[in-house]
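All remarks here apply to the structure that follows.
The values are calculated or read from the model by the stated rules, or taken from the named source; none is laboratory data. Predicted model only: the values in this text are computed from it and were never measured. Quick reminder, even Gly has a Cβ in these numbers, built from the backbone with ideal geometry, and neighbours come from all protein chains shown. With ligands, DNA and RNA removed, areas are computed over all heavy atoms of the protein, side chains included. Shrake-Rupley method; radii C 1.70, N 1.55, O 1.52, S 1.80 Å.
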Amino acid sequence: MPDVAAEVVPDVDVEGADDGDFHAFVQSRWSALVRYAYLLTGDLGHAEDLVQVALEGTWRRWRHVRAERPEVYVRTAIARRAVSRGRMLRRRVREAELTSRVEAPAPDPTEASAAREAVWRELRSLPPRMRAVVVLRVWEDLSEAETAALLGCSTGAVKSQLSRAVDRLAGRSALREAVGLPGAAGPRTPDPMTNEER
Amino acid sequence: MDELTMVREVLGDVADRVSSRPPDRAQIDRGLRRVRRRRRVARAGKGLGALGGVAAVLAAVQLGVVPVPSWAPVVPITSPAASALANGPTRGSLAGDAAWLRALREKVATFDQAESGGERWRAPSADRVDVIYAGDLGDFRVAVVETPLRWGAIEARAQLWYLGEKGAAVAAMEQGRSDGPQDLVSETFGPGSVPAGPTTRGAALVLGPARDVEQVGPVRIAADGTVSWPAAPVRATEPGVWELVLPAGSGRVFLRTAGRDVVAVGERGWGGESDAEQAVLVRGATPAVRTGSVPARVVSSAPAAERLAGSLAAAQYASALDVTTSKRRLVWSGTVDGTTLDVVEVTAPSGGRVLVAVQDVYTAVMQGGFGQPVAVTTYGAAATPALAWVFQEAVALADGAYTTNGPQHVVLVGPSDAVAAQVTTTDGATHRVDLPGGGPGVLTLEGAQSVRFLDGDGATVATTKVVQPDAAGAGLQPPTTP
């Protein structure tokens, strides 16, 4: 895995860097990267910002990164920034999205659909690092060691964060209902966009 | 089904619903140009970001000066060798103020910055801090130092910039930008660069072995719409030091050395960094929209306040004029293929006018936000403004990639009494398009070169060249009149 501590590596001289590979990389991987960032942030605007910033960093080091695995590099940068930016966003004014480009779920009056939406809302309410661990371990299917390396933390931290996330989600009625367990009135789900400290 | 399986399915459902169009090649190229310019173009927003000016950073992103938000600090590690600047004397008006310089070194020695990945960089001691420059520059106090930074056994050198208000005590100086050791450095300072109170004067500093530094601008737009960018040498204040303080009300100015732009000064030229400046920006810009009296105009809707301010700021920047000495008017707002486009008229003090098309850009790599100026033209006070530009959509390919080789739309915004337009292409052919309500119009056409707007009697009421997409680059500004 490329060393994302390369955030402190000097910029390469991009004057002569090869644009062609980078164009192809951006255009082919953009959508997937934004989806990934959206799961980490729960906000499309912020997700696109994160991808932009990560790609810019990638471009500055493209000569080094392209020979390895640029997508791993970008995804690592996105995850780390999602965690740190999540902390910052608590102090920021919420940005209103002009036009939602995240499709609403297909009309489905069933309780199962509503429960899934509720699970997503609760996932969004998780603290940034905890949410990142869930996304990386559960959605990206990374190992504990890979997740730890990507987030720059210990495997113990990954284990405890995932455990706490599951406990937290399982304590909410939505997830219990979604998986067919008896509903439980959980604690109030905080609004993910408020400045509430967690 | 267990909880984790359900979570996985929910994440999959959500991911499938996300839609974000990849940037096209031109958008990526614009972003790359900005990255390349970063070292030679001022990073006004860097200091702002360090000072927590989120709005200013967002505005600077849009401005194009700062391609990314600067909330992520970076400690660049480069050669441990000192720069030529650090090996020279302390420069600037505070070079002889031993007490202030000593206090600055002691402040620098407290540098302690955590980086992602767990690195923690600290300055070892005040004795090893070289003060390259310290002085008052217009409304600012600026200091540039070079110091070793240590993380464990690793040592690197960094140039750090400190900024405060003119006359500030060391304690009030805020650390902003940081770079590796460089022999030629430049920085620009504008309104909002210091937290307490706006300044009206932009300033710039160039340090290093440049042979000469030239000031280009501010732009002059005459009453007849002709444009000139006067150039003049900047005199060094001492060997290797060029200080520039712009008078209040100046538009954007560039400093060049060795034929390249090194800094763009005069950020006042676009405004929008504070609520007060945004109020100035928006004031009077949409009288027609507000009253609903927009004859012969297709105003699709009054943009939301934030979007309007974004478009006006983008147009103001593209005009290169100062925000306080020029006036803005939203001429048209509409949508082409789902992309919102605004046309804004910026009027110079002379009465000459700059017409700017602003296109919403949601996903352009490294540009962020909305309001990208895509076409600029100028008109005299007595002329009839019209603007035509090529708008090209990205087209999806079967393999999921995108190309910009799709249909070229020519967007036509003419005078209100035009009922039709005649577009001439490179092969000399003419194509007529009706403009219901006097415009605007959209024509899908390759090779459009010029447009003639016609009234009900077939008489020409305005002509304009078609602005091509190649001209829609990062450095959009009023072109010099031949």
>> Can you report the number of residues in the stretch B:1-11 which are surrounded by fewer than 16 Cβ atoms within 10 Å (Cβ to Cβ) and either among the aromatic types (Phe, Trp, Tyr) or at the interface with chain A (Cβ under 7 Å from one of its Cβ atoms) (or both)?
In response: 2
> Just one of A:Val179, A:Val158, A:Val166 is within 24 Å of A:Arg116 (Cβ to Cβ) and at pLDDT 80 or above; which is it?
Replying inline: A:Val166
> In the stretch B:161-175, which residues are part of a strand (DSSP E or B) and buried (at least 23 other Cβ atoms within 10 Å of the Cβ)?
Replying inline: B:Trp161, B:Tyr162, B:Leu163
> Of all residues in the stretch A:33-52 being in a helix (DSSP H, G or I) and open to solvent by 20 Å² or more (accessible area, probe 1.4 Å), which is farthest from B:Ala15 (Cα to Cα)?
Replying inline: A:Asp49
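Quick grid of which residues meet (1) part of a strand (DSSP E or B); (2) open to solvent by 50 Å² or more (accessible area, probe 1.4 Å):
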{"site": "B:Arg201", "(1), (2)": "no, yes"}
{"site": "B:Val206", "(1), (2)": "yes, no"}
{"site": "B:Gly225", "(1), (2)": "no, no"}
{"site": "B:Ala232", "(1), (2)": "yes, no"}
{"site": "B:Leu244", "(1), (2)": "yes, no"}
{"site": "B:Pro247", "(1), (2)": "no, yes"}
{"site": "B:Gly251", "(1), (2)": "no, no"}
{"site": "B:Leu255", "(1), (2)": "yes, no"}
> Name the pairs whose Cβ atoms lie under 6 Å apart, with the first residue in the stretch A:149-168 and loosely packed, with under 15 Cβ neighbours inside 10 Å, the second in a helix (DSSP H, G or I) and not basic (Lys, Arg), and 6 or more positions between them or separate chains?
Replying inline: A:Ser154/A:Ala148; A:Thr155/A:Glu144; A:Thr155/A:Ala145; A:Thr155/A:Ala148
>> For the stretch B:189-202, check the following and say yes or no: at least one residue is more than 30 Å from B:Pro148 (Cβ to Cβ), in contact with a strand residue (DSSP E or B) (Cβ under 7 Å, 6 or more places away or on another chain) and modelled with pLDDT of 80 or more.
In response: no
> So, of the residues in the stretch B:342-369 that are modelled with pLDDT of 50 or more and in a loop (DSSP other than H, G, I, E, B), which turns out to be nearest to the other protein chains (Cβ to nearest Cβ)?
Replying inline: B:Asp360
>> I'd like to check something: does the stretch B:115-138 contain any residue that is among the acidic types (Asp, Glu), open to solvent by less than 20 Å² (accessible area, probe 1.4 Å), at pLDDT 75 or above and part of a strand (DSSP E or B)?
In response: no
> Only one residue in A:Leu142, A:Leu136, A:Leu126 is in contact with a helix residue (DSSP H, G or I) (Cβ under 9 Å, 6 or more places away or on another chain), closer than 17 Å to A:Tyr38 by Cβ and not in a helix (DSSP H, G or I), so which one is that?
Replying inline: A:Leu126
> Scanning the stretch B:12-22 for residues that are open to solvent by 50 Å² or more (accessible area, probe 1.4 Å) and part of a helix (DSSP H, G or I), which turns out nearest to the other protein chains (Cβ to nearest Cβ)?
Replying inline: B:Asp13
>> On the basis of being within 7 Å of another protein chain (Cβ to nearest Cβ), modelled with pLDDT under 80 and buried (at least 20 other Cβ atoms within 10 Å of the Cβ), does A:Glu7 make the cut?
In response: yes
